[in-house]
Amino acid sequence: MTKRLIPFVLAAAALVASPAVGHTQTAAGPSMLALAPSNAGSGAWLGAAARGDAVQDSLYRLGRQALERGDFRRAASLFLQVRSRDSKTPLAAESLYWHAYSMYRVGGTRELQSSLSSLTQLVSEYPARLVPADAGDLRVRVCGALARVGDADCAGEVSEIAGRRETQVSGSGRGTGGVSSSGTQGTAGSGRNSGQQPRSCPDEDADERIEALNALLQMNSESALPILDRVLQRRDECSAVLRRKAVFLVSQKRDQRSIDMLVRAIKTDPDAEVREQAVFWLGQSGSDAVIGILQDILRTETNEALLDKAVFSLSQHRSAQAGTILRDLAQRESAPLHLREQAIFWLGQRKGEDNLKMLMELYPRVNQEALKDKILFSTAQMNSAESGRWLVTVAQDSKETIQ
């Protein structure tokens with residue numbers, strides 16, 4: 001036992017009767033889909049100032065301030081005033097976009113219809129270079145919200161975008177104008193944490209399509225899942241990020257079909273991050289059926305990141321079987337050291353007499369200082385009288401090595 005842990009052990013034992021400060025360890029899962037579009041407007045804003053259009057500049061500034069305060073209705077009014085001041089300026093185009101975004105945030109059928117109207121005007125009245133990159137993405141969100149309250153045209157538009165092949169040019173029913181929601185040359189990629197697709201990939205609206213799939217999933221999951229299944233079966237290099245986002249959407253369904261889709265992604269997808277996210281979201285399903293799948297991953301997988309996700313997913317499952325698997329992993333001498341450490345940590349967070357007994361019995365059998373330290377820490381986290389007494393015994397043991 002390292003010298004620095006002797007006072008820690010004694011302190012932990014002394015505090016057994018007091019509430020312990022919770023210690024948490026998190027595993028980063030895939031990010032949720034962003035709600036707010038990227039900030040646009042600085043170039044046009046500066047352009048208005050350079051031209052000396054002080055009134056338009058001031059109105060735009062007030063609109064952005066209202067937007068930042070969350071006063072979306074006031075912001076929408078101000079952005080319309082910017083456009084009415086001079087509809088031919090770049091600032092007017094961006095103000096029309098921000099009016100659409102503000103009305104979307106206000107919500108309500110009339111406001112959503114006003115937002116959609118502004119987006120239609122934006123792409124029909126201004127050249128593509130003046131249309132903010134997120135306009136197509138925002139249009140899909142607005143149409144998805146309208147479709148959920150019975151707008152048949154929007155329902156058709158969302159379904160068309162969700163179902164189209166990614167190699168087609170974007171644009172649909174009421175005129176998205178082919179605007180890319182990403183503003184970049186592609187959004188999918190391969191390789192760990194790339195987050196972008198190779199430059200050789202075509203200019204696709206992957207973000208816009210994933211928004212459409214999300215909206216369709218909320219409108220009619222039976223229609224969305226087959227499309228998501230086809231997305232996950234793609235193997236071209238340019239679809240990796242799209243597949244990563246599709247994994248999250250599939251996980252929201254939480255039924256046997258979605259579990260089967262995630263399992264297939266884990267077993268067959270060539271992209272490491274797709275597989276990792278599938279393991280993470282599989283663990284969040286809460287289904288007992290996933291325990292055996294996670295156990296198989298621990299037995300057969302060699303990818304460390306995937307193994308880490310599997311251990312975390314098991315730690316979040318409160319079943320007795322999950323606890324048994326974690327205890328077996330903590331004791332398995334052939335398992336990677338860092339996985340045994342993780343298993344020991346999560347057993348300490350789960351508490352329980354079975355976990356405490358196993359940790360106390362494991363301690364004298366391990367030789368690695370890292371494992372010994374983790375056992376001491378996890379035992380202290382259990383905050384029971386028995387764990388406290390055991391920690392004091394360890395601290396007083398003259399056979400313990402001081403380094």
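None of the figures in this text is laboratory data; all of them are computed from the coordinates on show. Worth saying up front: this structure is predicted, and the values here are computed from it rather than measured. Note: ideal-geometry Cβ built from the backbone for every residue, glycine included; neighbour counts use all protein chains shown.
In terms of its alpha-carbon gyration tensor, segment 79-143 comes out oblate; a/c meets the 1.5 threshold, while b/c is at least as large as a/b.
Annotation: extensible slack from Glu68 through Glu160 equals 29.8 nm (criterion: 0.36 nm per residue apart, minus Cα-Cα distance). The HN-Hα couplings worked out from phi for segment 55-68 by the Karplus form 6.51 cos²θ - 1.76 cosθ + 1.60 (θ = phi - 60°) are 5, 4, 4, 5, 4, 4, 4, 5, x, 5, 5, 5, 4, 5 Hz, whole numbers, x standing for Gly and Pro. For Gly107, neighbours were defined as the other residues whose beta-carbon sits under 13 Å from its Cβ, and their charges (Lys and Arg +1, Asp and Glu -1) total +4.
Site pair Asn367 and Lys267 shows an inter-label distance of 4.0 nm when each label is modelled 7 Å from Cα along Cα→Cβ. Using the Cα gyration tensor of segment 205-266, with a ≥ b ≥ c the square roots of its eigenvalues, what is the shape: rounded (a/c below 1.5), prolate (a/b larger than b/c) or oblate (neither)? It comes out oblate by the Cα gyration axes.
Packing around the peptides 69-80, 90-101, taken as the average count of other Cβ atoms within 10 Å per residue, puts them in this order, highest first: 90-101, 69-80.
The gain in end-to-end length when the Ser287 to Lys399 segment is fully stretched comes to 35.8 nm, 0.36 nm per residue minus the alpha carbon separation. Note that segment 142-148 has calculated 3J(HN,Hα) couplings of 4, 5, x, 5, 5, 4, 5 Hz, one per residue in order, obtained from phi through the Karplus relation 6.51 cos²θ - 1.76 cosθ + 1.60 (θ = phi - 60°); glycine and proline are x.
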